Amino acid sequence: MTDSEYLRLAEAVLTAVEQGVDEAEADIELERSGNVLTLEFANRSKIIVNLQPPMHEIWIAAKAGGFHFRYVDDEWRDTRSGAEFFSALSDYATQQAGEPVTFEA
């Protein structure tokens, strides 16, 4: 994957996360600073989603831990568990929001 392909694909993920926050019923505040999204929940917990261009990865930092995702077979997959990015982010956000939150590509 070239750097430009990575940036195009990763930027689409950040855009989808932003749209998911806008559509969520849960109280989630979103802040974007460059390639970093900060989602803050009503209980003041946070999830950070950030791009790691040198490694062609997307990282999530949540209460559940830190997770690295790499583009494999047309999906962003956790480098350890193989979990799909949007499914994993939905799970972490649901845990922290205390109510269902769903993100989709």
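Given the residues GLU18, GLU31, which is the only one that is touching a Leu at 6+ places or on another chain (Cβ under 8 Å) and exposed (fewer than 13 other Cβ atoms within 10 Å of the Cβ)? It is GLU31. Which is surrounded by 16 or more Cβ atoms within 10 Å (Cβ to Cβ), aromatic (Phe, Trp, Tyr), over 18 Å from GLU5 (Cα atoms) and at pLDDT 95 or above, of PHE85, PHE67? Testing whether each residue is surrounded by 16 or more Cβ atoms within 10 Å (Cβ to Cβ), aromatic (Phe, Trp, Tyr), over 18 Å from GLU5 (Cα atoms) and at pLDDT 95 or above leaves just PHE67.
If I ask for residues that are under 20 Å from SER87 (Cβ atoms) and free of Cβ contacts under 8 Å to residues at least 24 places away in the same chain, which ones from the stretch 19-45 would you list? Steps first, answer last, please.
Of all residues in the stretch 19-45, those under 20 Å from SER87 (Cβ atoms) come to 19-26, 28, 30, 37, 39, 41, 45.
If the condition is that a residue be under 20 Å from SER87 (Cβ atoms) and free of Cβ contacts under 8 Å to residues at least 24 places away in the same chain, then GLN19, VAL21, ASP22, GLU23, LEU30, LEU37 are the ones that fit.
Pairing each residue of the stretch 68-93 that is free of Cβ contacts under 8 Å to residues at least 40 places away in the same chain and polar (S, T, N, Q) with any residue that is surrounded by fewer than 17 Cβ atoms within 10 Å (Cβ to Cβ) and part of a strand (DSSP E or B), provided the two are 6+ apart or on different chains, yields C-beta distances under 8 Å for THR79/HIS68.
Do the conditions hold for THR102, that is, is it at negative phi and out of contact with any helix residue (DSSP H, G or I) (no Cβ under 9 Å at 6 or more places or on another chain)? Answer is no for this residue. Among the residues of the stretch 80-102, those identified as touching an Asp or Glu at 6+ places or on another chain (Cβ under 9 Å), farther than 15 Å from GLY65 by Cβ and not hydroxyl-bearing (Ser, Thr, Tyr) are GLU84, PHE86, ALA97, GLU99, PRO100, VAL101.
Yes/no matrix, rows are residues, columns are (1) under 13 Å from VAL13 (Cβ atoms); (2) not aliphatic (A, V, I, L, M):
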site: VAL72; (1), (2): no, no
site: ARG80; (1), (2): no, yes
site: GLU84; (1), (2): yes, yes
site: GLU99; (1), (2): no, yes
site: PHE103; (1), (2): yes, yes
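Here is a list: THR2, THR94. Which entry is exposed (fewer than 12 other Cβ atoms within 10 Å of the Cβ) and among the polar types (S, T, N, Q)?
Working: THR94 fails: exposed (fewer than 12 other Cβ atoms within 10 Å of the Cβ).
Testing whether each residue is exposed (fewer than 12 other Cβ atoms within 10 Å of the Cβ) and among the polar types (S, T, N, Q) leaves just THR2.
The values are calculated or read from the model by the stated rules, or taken from the named source; none is laboratory data. These numbers were taken from a predicted model, which means no experiment stands behind them. Quick reminder, even Gly has a Cβ in these numbers, built from the backbone with ideal geometry, and neighbours come from all protein chains shown.
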